[in-house]
Amino acid sequence: MAEWLKRAVTAEVRADMDRKVRDTVEAILADIEKRGDAAVRELSIKFDGWDREDYRLSQREIDDCLNSLTRQDIKDIEFAQAQVRNFAQIQRDSMKDVEVETLPGVILGHKNIPVNAAGCYVPGGKYPLLASAHMSVITAKVAGVPRVITCAPPFDGKPARAIVAAQAMAGADAIYALGGIQAIGAMALGTQSIDPVDMLVGPGNAFVAEAKRQLFGRVGIDLFAGPTETMVIADETVDGELCATDLLGQAEHGPESPAILITNSRKLAEDTIREVERLLTILPTASIAAKAWENYGEVIVCDSYEEMLQVADFYANEHVQVMTRDPDYFLKNMTNYGALFLGPRTNVSYGDKVIGTNHTLPTKKAARYTGGLWVGKFLKTCTYQRVTTDEATTLIGEYCSRLCALEGFAGHGEQANIRVRRYGGRNVPYAGAVEPSDLTRVDA
């Protein structure tokens, strides 16, 4: 039976925090919708200390950011973007438009149509997370989105140069130095200076995630990608230092980032706890990671792989690092996760930064029903139908008319009946007043 050597804060504490975030976001979005640019500017000054007439960066500002990076910086960004673009293109190529004749004279099909405009949020308040630019902008462009705009908060009182460079290199059509709820609201609702988008994508803190949640329906969203979560599933084939490093490597994202160890080795569990405490004395980002570990860190000892799998699927975590004797067991059997990182030679940071898979992933158990951001999120799979012969429309019409009569939908039935009369030469009563004997039955 699973044993928790360390638990996170209670669900009641989390729910109370969520309520406060929800109320704050609701008020701010209402203000943005009412006052537009004026509200956005006030919020930017309040939360980021950032004031300017127009938050869209000029080409001169973008060029300055690009020119401020070293040649090696540019090469590194180019390498990462090439990996992301390559895998996104492979994904796009796997999605085919279809058209098939399902019955003689009946043609059905679907097309994968990109949304017209996407807004990509790139977090950057604590760290300039330029990788999020690759993951969102490139993926949207590979999907074929015509207009892609980006928002990222200022960093140290000016546009975050690495983020801006990555946004530009990824192909963003407009770049805004704007962060937080105000950025999400401006892109989704539109303001006097920012045209609204059809879809919002990108990770962010709890306020950004809640803003996306509240705006869902007004616009599409990729998924609920809130504070980063990480899980390590490990056995005695690895050591506590490796597990602790992988846990704290993600806990540094923010003080609300869960970090969970699941193992069938009590020794490894205890060693990992000790290594976490040691690393927190030397890690430069320990002030953030320590809070995340204190409040949201968990260590769970299980009896078997099967129990480890059961617990892991219950948590439905965003990042799952598997370091066991048989990592393929979890690949074959685990169903709820954002992304798997298999074996000690890989890690979540590779996925976050450079390996090519997308790092915008579901959190807060959303992995139970969705995967992460990919080209398919920007595409609408839209069906179409064509009936090309009199015989086909008569056949389908007869079935449709009888089914409409069962439901009592006279108007629907008449849509079928009029075609049966015109193209099939049948004497069908008006307005769906059809008895089964009135139409020739056709064997299915």
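The values are calculated or read from the model by the stated rules, or taken from the named source; none is laboratory data. Here the structure is a predicted model, which means the values were calculated and not measured. Virtual Cβ from ideal backbone geometry, glycine too; neighbours counted across all protein chains shown. Heavy atoms of the whole protein, side chains included, go into the accessibility calculation; ligands, DNA and RNA do not. Shrake-Rupley method; radii C 1.70, N 1.55, O 1.52, S 1.80 Å.
Residue count for segment 216-228 satisfying the condition of being open to solvent by 20 Å² or more (accessible area, probe 1.4 Å), touching a Pro at 6+ places or on another chain (Cβ under 9 Å) and either among the hydrophobic types (A, V, I, L, M, F, W, C) or at pLDDT 95 or above (or both): 2. How about segment 88-141: which of its residues are more than 29 Å from residue 194 (Cβ to Cβ), open to solvent by 60 Å² or more (accessible area, probe 1.4 Å) and not β-branched (Val, Ile, Thr)? Across segment 88-141, the qualifying residues are 89, 93, 94, 96, 97, 99, 101, 103, 104, 108, 111. The residues listed here are 86, 116; of these, the one that is under 21 Å from the mean Cα position of the chain (by Cα) and under 30 Å from residue 387 (Cβ atoms) is 116. Filter segment 143-162 for residues that are modelled with pLDDT of 95 or more and assigned to a strand (DSSP E or B) and give the result. Those that are modelled with pLDDT of 95 or more and assigned to a strand (DSSP E or B): 147, 148, 149, 150, 151, 152.
Is it the case, given these coordinates, that residue 330 is modelled with pLDDT of 95 or more, outside any strand (DSSP E or B) and either open to solvent by less than 60 Å² (accessible area, probe 1.4 Å) or closer than 21 Å to residue 91 by Cβ (or both)? Criteria met by residue 330.
Pull up segment 158-183, narrow it to residues that are touching an Asp or Glu at 6+ places or on another chain (Cβ under 9 Å) and farther than 27 Å from residue 79 by Cα, then point me to the one that is surrounded by the most Cβ atoms within 10 Å (Cβ to Cβ). Per the stated criteria, the residue is 182. Number of residues in segment 314-327 that are surrounded by fewer than 24 Cβ atoms within 10 Å (Cβ to Cβ), touching a residue at least 24 places away in the same chain (Cβ under 8 Å) and within 26 Å of residue 11 (Cβ to Cβ) equals 2. When every residue of segment 267-285 is checked against the conditions, at least one turns out to be of a type in the set (Ser, Thr, Tyr) and surrounded by fewer than 20 Cβ atoms within 10 Å (Cβ to Cβ). Pairs, please: C-beta under 8 Å, at least 6 apart or cross-chain, first residue under 23 Å from residue 192 (Cα atoms) and of a type in the set (Lys, Arg) and in segment 49-67, second open to solvent by less than 50 Å² (accessible area, probe 1.4 Å) and not in a loop (DSSP other than H, G, I, E, B)? Partner pairs satisfying both residue conditions: 52/177; 56/174; 56/175; 56/176.
If you go through segment 393-402 one residue at a time, do you hit one that is at pLDDT 95 or above, hydroxyl-bearing (Ser, Thr, Tyr), assigned to a strand (DSSP E or B) and open to solvent by 20 Å² or more (accessible area, probe 1.4 Å)? Taking every residue of segment 393-402 in turn, none turns out to be at pLDDT 95 or above, hydroxyl-bearing (Ser, Thr, Tyr), assigned to a strand (DSSP E or B) and open to solvent by 20 Å² or more (accessible area, probe 1.4 Å).
When segment 24-45 is filtered for residues that are within 30 Å of residue 294 (Cα to Cα) and either at pLDDT below 95 or open to solvent by less than 80 Å² (accessible area, probe 1.4 Å) (or both), the ones remaining, listed by number, are 24, 25.
Only one entry in 133, 165, 140, 188 is in contact with a helix residue (DSSP H, G or I) (Cβ under 8 Å, 6 or more places away or on another chain), assigned to a helix (DSSP H, G or I), more than 26 Å from residue 350 (Cβ to Cβ) and at pLDDT 95 or above, namely 188. Scanning segment 191-215 for residues that are among the charged types (D, E, K, R) and touching a strand residue (DSSP E or B) at 6+ places or on another chain (Cβ under 7 Å), we see that the one that is modelled with the highest pLDDT is 198. Of the residues in segment 228-248, at least one is within 28 Å of residue 366 (Cα to Cα), in a loop (DSSP other than H, G, I, E, B) and under 21 Å from the mean Cα position of the chain (by Cα). Taken over segment 49-85, the residue count meeting the criterion of being open to solvent by 70 Å² or more (accessible area, probe 1.4 Å) and part of a helix (DSSP H, G or I) is 11. Which one is surrounded by the most Cβ atoms within 10 Å (Cβ to Cβ), of the residues in segment 363-377 that are assigned to a helix (DSSP H, G or I) and not β-branched (Val, Ile, Thr)? The extreme case among them is 367. Taking the conditions exactly as written (aliphatic (A, V, I, L, M), in a helix (DSSP H, G or I) and modelled with pLDDT under 95), does residue 444 satisfy them or not? Judged against the criteria, residue 444 is not a match. The single condition among (1) modelled with pLDDT under 95; (2) open to solvent by less than 30 Å² (accessible area, probe 1.4 Å); (3) farther than 30 Å from residue 99 by Cβ that residue 439 does not meet is (3).
A single entry from 298, 307, 294 fulfils the requirement of being buried (at least 18 other Cβ atoms within 10 Å of the Cβ) and among the acidic types (Asp, Glu): 298.
Which is over 30 Å from residue 78 (Cα atoms) and modelled with pLDDT of 95 or more, of 274, 345? Answer to the selection: 274.
Considering segment 333-345, the residues that are part of a loop (DSSP other than H, G, I, E, B) and free of Cβ contacts under 8 Å to residues at least 24 places away in the same chain include one that is surrounded by the most Cβ atoms within 10 Å (Cβ to Cβ), namely 343.
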